[in-house]
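I have placed the structure first, in the form of structure tokens, so that the comments after it can refer back to it.
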Amino acid sequence: MGDFIFPVFFLISFGLFYLGNEASKVIASLINIVLFILPLVSIVFGTMYFYNSREFMELMLAQPINRKSIFLGKFTGLTLSLSLGYVLGVGIPFVMFGMKDYSEIATFLTLILSGVCLILIFVAIPFLISVIFEDKVKGLSASILIWLYLSVVYDGLILFMIVTFSDYPLEQPVIYLSALNPIDLARIMMLLKIDMSALMVYTGAIFKKFFGSSMGLGISFFSLVLWIIFPLLAGLKLFNKKDF
Amino acid sequence: MKWLFIAHILFITQYLSAKEIVVCKSCEINDIQTALTKAQNHDRILIKKGVYISKNIVINKSIELIGEDYPIIDGEHKVQVITVGISDVTIKGLIIKNSKSSYTDDIAGIKIENVHNVVVEDCRFYDNFWAVYLAKSDNCKIVNNIIRGSAKRETSSGNGIHLWNCKNALIKNNKISGHRDGIYFEFVENSSIIGNLSEKNIRYGLHFMFSHHNEYLENTFRANGAGVVVMYSKHIKMIGNHFEENWGPAACGLLLKEITDSFVSQNVFYKNTQGILAENSDRIEFKENQFIENGWAVKIGSSCLDDYFYHNNFIGNTFEVATNSTMNNSVFSENYWSDYKGYDLDRDGFGDIPHRPVRLFSYISEKYPQVLILLRSLFVTMLDLTERYMPVFSPETLIDKKPLIRKWIG
């Protein structure tokens with residue numbers, strides 16, 4: 001999988017630098033791509049990979065190997081290759097062209113870190129789904145539905161809520177709601193790096209204060225870890241019990 | 001040329017007739033007040049290095065007050081340090097510090113009132129209430145000064161350079177920080193503000209009211225409480241200034257309110273919460289400015305008439321243009337927009353489809369500021385796309401029909 005992710009991200013970042021030259025603008029364009037493509041590709045690949053390697057997995061299960069190491073091995077293998085492809089694909093053009101000052105390096109590291117987190121989460125979710133659904137088509141549609149929900153529908157619901165209840169002070173609820181969605185979390189981390197000027201208006205300052213504080217950082221980190229651990233452990237548990 | 005020569009001769013003879021009075025700690029004359037009483041018009045008082053306590057020095061003769069190696073004149077927070085009460089005075093090379101502060105009087109480091117042709121040059125001002133205060137004084141020059149205040153609150157602090165009801169002033173190459181307003185102009189005409197650096201003042205870098213026919217060129221205004229505010233003035237020229245890092249809920253690089261017939265060109269707006277905020281400002285030409293990485297590059301109210309934006313570069317701003325109604329009376333043409341998604345098939349340097357710089361999301365965030373947390377979300381991108389192709393909320397006429405494909409570089 002990494003051999004697909006790597007050329008895609010390499011070509012995109014390389015092309016953006018080649019055409020744009022300005023690291024800040026390249027990062028802005030990359031964010032959209034990372035938030036859009038990375039979860040989608042990971043979740044689709046994750047589902048396909050699990051179903052496609054099912055026969056091999058059954059073969060492995062016939063051997064004296066415990067189920068935990070098979071499941072976690074599959075997870076580690078896939079996430080490692082995806083992450084490596086992503087980090088190198090984005091990293092090489094950046095090292096070649098960009099990163100003039102400290103803030104750009106910080107933004108770049110945030111981009112890499114949140115991207116890798118997204119990969120971990122959006123591989124853990126399809127692994128759980130694939131264990132639950134026997135049917136490949138069912139599993140794939142469930143995966144895409146979850147992606148659609150987290151990347152589009154969820155934000156639409158937040159917007160709807162803000163507009164409907166605009167008479168109430170909504171800053172805090174909105175913060176906690178977005179901290180529950182991994183894609184939103186990754187997005188907000190990037191916002192705090194590149195859209196600081198716009199975020200300095202009153203409400204933005206509240207967001208900045210929350211996500212910049214140690215408590216906000218703690219909650220964001222906790223939420224991300226929960227998003228990795230929960231589907232992974234649930235998947236593992238079901239996998240251990242599953243009757244092949 | 002001949003006249004210039006004669007004038008020069010006259011000046012020199014006058015100069016030769018003048019005498020020099022030296023003030024130093026071990027001299028016969030060891031304080032400035034005594035020197036002033038002994039001096040005649042056109043004399044020069046030379047102050048050697050040392051600390052001199054001011055008991056409100058009043059200059060009432062047309063003299064030159066020159067410091068050697070920056071002598072310190074200290075008001076000890078008790079008095080106004082220097083008061084100029086007569087025309088044709090030059091003050092040069094002094095350190096002036098610790099004027100009294102007051103809630104009722106405008107007490108300054110140097111106060112110049114009802115006089116003309118005063119020059120304040122190469123001086124340093126530390127911890128004064130007002131640093132330089134000019135009122136009803138024409139043809140004055142404030143050049144090459146360093147002004148540092150320690151203002152904490154707006155209500156208990158004064159301005160760096162304050163001009164009220166003056167004409168033909170020149171404010172050049174000063175560095176001002178830590179005051180309420182860096183430079184303040186009220187009822188000032190035909191004056192120039194050139195090459196100053198005004199930063200970290202707690203209110204505005206430059207504040208401008210009812211002052212017509214002025215120009216400000218190549219200044220830098222950085223990280224002031226709320227940027228630069230220009231109000232109720234006509235025929236202003238603002239060229240080559242830098243507006244940087246004015247961050248805050250109400251901060252903007254340049255706020256224009258009731259400015260008419262003015263010219264804003266070749267300025268750089270970098271990382272401000274709002275680059276330009278314009279209200280009731282008519283017939284202004286915005287030309288060849290750079291808007292880089294601002295929150296809102298331009299916020300233009302529907303109360304602005306016939307403003308003209310051309311050859312500006314909008315690069316990496318979160319929002320390019322925002323407005324508060326579906327009415328638009330300004331023209332945007334031939335600007336470069338880094339958000340432009342079009343193409344140039346006929347290769348004439350202009351995009352083939354018009355650019356709409358007003359995003360639906362900027363309209364929504366104006367009404368419901370909490371939605372800012374959804375910035376750059378896929379959902380918001382989709383909203384903006386639909387608005388871009390089927391505009392409902394954004395002004396139909398606020399479009400750039402000839403967006404530049406490449407950055408404008410003069």
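The values are calculated or read from the model by the stated rules, or taken from the named source; none is laboratory data. Everything numeric here is computed off the predicted structure, so don't read it as measured data. So basically every Cβ, Gly included, is an ideal-geometry build from the backbone, and we count neighbours across all protein chains shown. In case anyone asks, the SASA skips ligands and DNA or RNA and just uses the protein heavy atoms, side chains included. Shrake-Rupley method; radii C 1.70, N 1.55, O 1.52, S 1.80 Å.
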Checklist entry - What is the dipole size for region A:2-241, taken about its Cα centre, with +1 at each Lys and Arg Cβ and -1 at each Asp and Glu Cβ, in debye to the nearest 20? => result 500 debye
Item to check | Alpha-carbon centroid distance for the pair region B:107-145 / region A:116-136, whole angstrom | outcome: 72 Å
Next on the checklist: Taking every alpha carbon pair in region B:319-402, what does the distance histogram look like in 5 angstrom bins from 0, in percent?
Outcome noted: 3, 14, 24, 25, 18, 11, 4, 1, 0
Next on the checklist: As a test of the formula, what do you get for chain B when each DSSP H run with n ≥ 4 contributes -39,500 (n - 2.57) and the sum is divided by the residue count, at 222 nm and rounded to the nearest 500 deg cm²/dmol?
Outcome noted: -3000 deg cm²/dmol
Checklist outcome for this item: Expressed in Å to one decimal, the Kirkwood Rh of region B:98-205 from all distinct alpha-carbon pairs is 13.2 Å
Checklist entry - Cβ under 15 Å from A:Ile229's Cβ, A:Ile229 left aside: what net charge do those residues give with Lys, Arg +1 and Asp, Glu -1? => result +2
Item to check | Electrostatic dipole magnitude of region A:1-140 [Cβ: Lys, Arg +1; Asp, Glu -1; Cα centre; debye, to 20] | outcome: 240 debye
Item to check | Principal axis dimensions, region A:2-241 - Cα atoms, whole angstrom, descending | outcome: 60, 47, 31
Checklist entry - What base-10 log of the normalised intensity I(q)/I(0) is obtained for chain B from the Debye formula, alpha carbons as equal point scatterers, at q = 0.07, 0.10, 0.14 Å⁻¹? => result -0.41, -0.72, -1.11
Item to check | Rounded accessible area per residue of region B:293-392, 1.4 Å, Å² | outcome: 40 Å²
Item to check | Entries in B:Lys61/B:Lys111; B:Lys167/B:Lys200; B:Lys100/B:Lys152; B:Lys287/B:Lys401; B:Lys237/B:Lys287 that, when Cα-Cα distance is taken, lie over 23 Å | outcome: B:Lys167/B:Lys200
Item to check | P(r) of the protein assembly as shown over all Cα-Cα pairs, binned every 10 Å from zero, in whole percent | outcome: 3, 14, 19, 18, 15, 12, 9, 5, 3, 1, 1, 0
Item to check | Column: log10 I(q)/I(0), Debye, Cα scatterers of region B:196-266, q = 0.12, 0.24, 0.27 Å⁻¹ | outcome: -0.27, -1.05, -1.24
Checklist entry - Farthest toward the dipole's positive end in region B:31-389, which of B:Phe269, B:His207, B:Asn41, given Cβ charges of +1 (Lys, Arg) and -1 (Asp, Glu) about the Cα centre? => result B:Asn41
Next on the checklist: Given an 8 Å cut-off on Cα distances and at least 6 residues of separation, report the relative contact order of chain A as a percent.
Outcome noted: 29 percent
Checklist entry - Given B:Ile236, B:Ser377, B:Leu197, which one lies farthest toward the positive end of the charge dipole of region B:31-389, if we put +1 on the Cβ of every Lys and Arg and -1 on the Cβ of every Asp and Glu? => result B:Leu197
Item to check | Average projected area [Cα convex hull, region B:159-220], square nanometres | outcome: 3.3 nm²
Checklist entry - Given a 1.4 Å probe and no ligands, DNA or RNA in the count, how much accessible surface is buried by A and B, both sides, to the nearest 100 Å²? => result 2900 Å²
Checklist entry - Out of every Cα-Cα pair in region B:266-339, what percent are more than 18 Å apart? => result 31 percent
Next on the checklist: Pairs on different chains or at least eight residues apart, Cα atoms closer than 19 Å: how many lysine pairs in chain A fit?
Outcome noted: 14
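For region B:275-410, what proportion of DSSP beta bridges, expressed in % and rounded to the nearest 5, is antiparallel?
Here the antiparallel bridges make up roughly 10 percent for region B:275-410.
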Checklist entry - Can you tell which of A:Ile183, A:Gly15, A:Leu199 lies farthest toward the positive end of the dipole of region A:2-241, using +1 and -1 charges on the Cβ of basic and acidic side chains (Lys, Arg; Asp, Glu)? => result A:Ile183
Checklist entry - Points 7 angstrom from Cα along the Cβ direction at A:Ile70 and A:Glu55: gap in nanometres? => result 1.6 nm
Checklist entry - Dividing the Cα radius of gyration by the Kirkwood radius, what Rg/Rh value follows for region A:60-200? => result 1.06
Item to check | Loop-located GluC sites (Glu not before Pro) in region B:23-94, at most 12 other Cβ atoms within 10 Å (DSSP) | outcome: B:Glu28
Item to check | Beta bridges per DSSP with both ends in chain B, % antiparallel, nearest 5 | outcome: 0 percent
Checklist entry - What is the set of long-range amide H partners of B:Phe319 at a cut-off below 5 Å, with H atoms built 1.01 Å from backbone N? => result B:Trp296, B:Ala297
Checklist entry - Name the trypsin sites (Lys or Arg not before Pro) in region B:274-341 that are in a loop by DSSP and that have at most 16 other C-beta atoms within 10 Å, would you? => result B:Lys341
Checklist outcome for this item: Mean projected area (nm²) from the convex hull of Cα positions in region B:184-337 is 7.4 nm²
Checklist entry - Ordering B:Ile47, B:Ile29 from largest to smallest accessible area (1.4 angstrom probe), what's the sequence? => result B:Ile29, B:Ile47
Checklist outcome for this item: Result for the protein assembly as shown, cysteines with no Cys Cβ partner under 4.7 Å, is A:Cys117, B:Cys123, B:Cys140, B:Cys166, B:Cys252, B:Cys304
Checklist outcome for this item: From the Cα centre of region B:209-242 to that of region A:189-238, the distance in Å is 40 Å
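Can you give the calculated 222 nm mean residue ellipticity of chain A, where each DSSP H run of n ≥ 4 adds -39,500 (n - 2.57) and the sum is split over every residue, rounded to the nearest 500 deg cm²/dmol?
That calculation yields -28500 deg cm²/dmol at 222 nm.
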Next on the checklist: Let me check something: with ligands and nucleic acids excluded, how do B:Arg222, B:Arg388 order by accessible area (1.4 Å probe), largest to smallest?
Outcome noted: B:Arg222, B:Arg388
Checklist outcome for this item: Stokes-Einstein, Kirkwood over Cα pairs, region A:52-113, 25 °C, 0.890 mPa s; D in µm²/s equals 171 µm²/s
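Compute, for chain B, the length of the dipole vector about the Cα centre, with Cβ point charges of +1 (Lys, Arg) and -1 (Asp, Glu) only. Units Debye, rounded to 20.
Around 980 debye, computed over chain B.
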Item to check | Coil-residue chymotrypsin sites (Phe, Trp or Tyr not before Pro) of region B:150-231, DSSP, other Cβ within 10 Å capped at 16 | outcome: B:Phe187, B:Phe210
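Give me the Kirkwood hydrodynamic radius of region A:1-130 in Å, from all C-alpha pairs, to one decimal place?
By the Kirkwood definition, the hydrodynamic radius is 15.6 Å.
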